[in-house]
């Protein structure tokens, strides 16, 4: 494949071989002058060999691929990757507005039924590991991607960026994600209400027992403000990614690598308890009435995840959406979310 007429910006910014590749591409574009026939033949042969060698430098260097940044989507509780009225619709409108974009809507399981069931009954850490492996193996994501998680998919994708830095995630968009967990299930989506009745019974029996933690997805981000010690000690998922038990410097470093961390809070949410969790706020410890914003939490003041530093650098974006959980218009999506995907 031909080299561009001049070195692209990413080559100019790099040292070593990138600088050499840039100058050689320029040399190639300049051609040859004042050579006799034998020198011309020798030069032509050298030119062909060099071009074969440099085709990789000119076109396969990191960041050189053309086209929009790929998007990875993770659905919420009781949903699936490809429901035409939810994630399938989101995929469609993104592809409509960004021609040529590669959109991967994650499916956890071999079919849509398993995908939906696993949003209730599969260990979250195992799900995150599966997704990390899938992203690593996808050649279309090697240069990096943006990610958008809906409801619990928001905190699951945050676990992905904290635990799996390759391929790199650029922007993380959490649409109604519960980053400080939940303390109640006031309402459930669609036809999943009978499952939520069962979930409530399990949580009442013991959210932090080993059998419930290992089996029930929602227990793994259940955050009891009246029993913080039990939460920190026994929460398999949320307490880990929120650095409640120990300080994992890699988690902090990886999360801070994001360009933007966008959090959407639904201002009339009747499904998430408390809605403040969607902006990383939560109940003040020891009671379940008063909520505090992220900036007043120990997670922020101690900067265990780098959120304070990210906030001061303008990397955190807090968006409010009128309406109930995951209720937004196409126009709102285009205006508020699309800019972070382009």
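Tabulated values for the structure
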| item | result |
| --- | --- |
| Selection count where residues are closer than 18 Å to residue 222 by Cβ and in contact (Cβ under 8 Å) with a residue 40 or more places away in the chain, scope the stretch 241-271 | 5 |
| Selection from the stretch 130-161 of residues that are assigned to a helix (DSSP H, G or I), farther than 24 Å from residue 266 by Cβ and in contact (Cβ under 8 Å) with a residue 12 or more places away in the chain | 130, 131, 132, 134, 135, 136, 140, 141 |
| Inter-residue pairs, beta-carbon under 7 Å, first assigned by TED's automatic domain parsing to the domain that holds residue 231 and over 21 Å from residue 271 (Cβ atoms) and in the stretch 188-213, second at pLDDT 75 or above and assigned to a loop (DSSP other than H, G, I, E, B), 6+ apart | 208/235; 213/236 |
| Hits in the stretch 307-340 (condition: part of a loop (DSSP other than H, G, I, E, B), over 16 Å from residue 96 (Cα atoms) and either touching a strand residue (DSSP E or B) at 6+ places or on another chain (Cβ under 9 Å) or outside the structural domain of residue 151 (by TED's automatic domain parsing) (or both)) | 314, 315, 322, 323, 324, 325, 326, 327, 328 |
| Pick from the stretch 251-291, criterion out of contact with any strand residue (DSSP E or B) (no Cβ under 7 Å at 6 or more places or on another chain) and outside any loop (DSSP other than H, G, I, E, B), ranking: surrounded by the fewest Cβ atoms within 10 Å (Cβ to Cβ) | 253 |
| Condition check for residue 274: out of contact with any helix residue (DSSP H, G or I) (no Cβ under 9 Å at 6 or more places or on another chain), in the same structural domain as residue 173 (by TED's automatic domain parsing) and touching a residue at least 40 places away in the same chain (Cβ under 8 Å) | yes |
| Residue list for the stretch 241-250, restricted to those being in a helix (DSSP H, G or I) and in contact with a helix residue (DSSP H, G or I) (Cβ under 8 Å, 6 or more places away or on another chain) | 241, 250 |
| Residues being at pLDDT 95 or above and under 18 Å from residue 185 (Cα atoms) - total across the stretch 281-299 | 5 |
| In the stretch 216-233, residue farthest from residue 125 (Cα to Cα) [restricted to those that are out of contact with any helix residue (DSSP H, G or I) (no Cβ under 6 Å at 6 or more places or on another chain) and surrounded by fewer than 20 Cβ atoms within 10 Å (Cβ to Cβ)] | 226 |
| Given (1) more than 16 Å from the chain's Cα centre (by Cα); (2) at pLDDT 95 or above; (3) buried (at least 16 other Cβ atoms within 10 Å of the Cβ), index of the condition residue 302 fails | (3) |
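The values are calculated or read from the model by the stated rules, or taken from the named source; none is laboratory data. Remember, it's a predicted structure, so these values are computed and weren't measured experimentally. Every residue, glycine among them, receives a Cβ derived from its backbone with ideal geometry; neighbour counts consider all protein chains shown.
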